[in-house]
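What follows is calculated from the coordinates using simple rules that are stated; it is not laboratory data. All of these numbers come straight from a predicted model, not from anything done at the bench. We place every Cβ from the backbone using ideal geometry, glycine too, and count neighbours over all the protein chains shown.
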């Protein structure tokens, strides 16, 4: 049987199956589960909190900017450390292979 179904004011023709409809018992169970979950979240995050609020350390523009600057500096340090380590590995390998990176033209190392 095709009927008109309205969702958020939008009318759509659809098959409406009686077995797909929610029963009062099913709705009660859903609401009980929602209440239980809400109580659990209240215990975890406090009453009235969702759990996704911004931390106290990041509230306010100054704190956010300071944190961003700190993170940028840390990333720059990490990048520099990686570049330095890579450079040292390259130099070590060149020495092991007999090419002196410090000599002009990268020729043979003076092993005297």
Mind listing P(r) for region 28-68? All alpha-carbon pairs, 5 Å bins, whole percents.
-> 5, 21, 17, 14, 12, 10, 8, 7, 4, 1
Counted neighbours (other Cβ, 10 Å), sorted fewest up, put 73, 41 in the order 73, 41
